[in-house]
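The values are calculated or read from the model by the stated rules, or taken from the named source; none is laboratory data. Because the structure is predicted, anything quoted here is derived from the model rather than measured. Because the Cβ atoms are built from the backbone with ideal geometry, glycine has one as well, and the counts that use them run over all protein chains shown.
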Amino acid sequence: MDSRPDAEPRLDLEHFLPYRLSVLSNRLSNAIAASYQQRFGLSVTEWRVLAVVGRYPGISAGEVAERTAMDKVAVSRAVNALLAAGRLVRGVDAGDRRRSVLRLSDDGQAIHAQVVPAALAFERALLASLDPTARDALDRLLDALDANAQSARDAL
């Protein structure tokens, strides 16, 4: 930052945390996206939807968007692509017939069963340079930043 008192603050983008996290996220997503596309014909968004529905069967598309912090339109497109490809099935919530819910189809379950080990292997390789203490610290820091994100946004 310029030391003159009347100088406009300058943003050192390469050290600005939101920018760094965004760049890292894009790099990680791009690294894994090519593999998912080549092996399974999945986009990153489709994989995320598949992963969430696999973890939470009976979830709605809106809930997928909330859990992933992805745009509802992007989630809707991914859900429609997965439904068209026969990887998801849509049903009606037994407790609220107005609510549609998603589940993995047999094909979706087969893909999920293959992608999960690949995703976990990618994560292991990514974290291999961190000792267990550093990994635990990273988890705690990410949780703290996530918990504080809304109040930081409200401060704008």
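Within the stretch 80-93, identify whether any single residue is in contact with a His (Cβ under 8 Å, 6 or more places away or on another chain), surrounded by 17 or more Cβ atoms within 10 Å (Cβ to Cβ), modelled with pLDDT of 90 or more and farther than 22 Å from residue 149 by Cβ, and answer yes or no.
no
Exactly one residue out of 100, 129 is of a type in the set (Ser, Thr, Tyr), farther than 15 Å from residue 47 by Cα and modelled with pLDDT under 95: that is 100. Of the residues that make up the stretch 78-85, is at least one under 21 Å from residue 25 (Cα atoms) and without any contact (Cβ under 8 Å) to a residue 12 or more places away in the chain? The answer is no, given that none of the residues of the stretch 78-85 is under 21 Å from residue 25 (Cα atoms) and without any contact (Cβ under 8 Å) to a residue 12 or more places away in the chain.
On inspection, residue 69 qualifies as at pLDDT below 95 and loosely packed, with under 13 Cβ neighbours inside 10 Å.
Look at residue 29 and say whether it is within 18 Å of residue 78 (Cβ to Cβ) and either among the hydroxyl-bearing types (Ser, Thr, Tyr) or free of Cβ contacts under 8 Å to residues at least 40 places away in the same chain (or both). Spelling it out, residue 29 is indeed within 18 Å of residue 78 (Cβ to Cβ) and either among the hydroxyl-bearing types (Ser, Thr, Tyr) or free of Cβ contacts under 8 Å to residues at least 40 places away in the same chain (or both). Residues in the stretch 64-98 that are under 13 Å from the mean Cα position of the chain (by Cα) and of a type in the set (Asp, Glu): 66, 71. Put simply, of 35, 43, 60 the only residue that is in contact (Cβ under 8 Å) with a residue 60 or more places away in the chain, surrounded by 15 or more Cβ atoms within 10 Å (Cβ to Cβ) and under 18 Å from the mean Cα position of the chain (by Cα) is 35. In the stretch 129-156, the residues that are over 14 Å from residue 21 (Cβ atoms) form Cβ pairs under 6 Å with partners that are surrounded by 11 or more Cβ atoms within 10 Å (Cβ to Cβ), at six or more places apart or across chains, as follows: 135/127. The residues of the stretch 58-86 that are within 19 Å of residue 110 (Cα to Cα) and in contact with a Ser or Thr (Cβ under 7 Å, 6 or more places away or on another chain), listed by number, are 78, 86.
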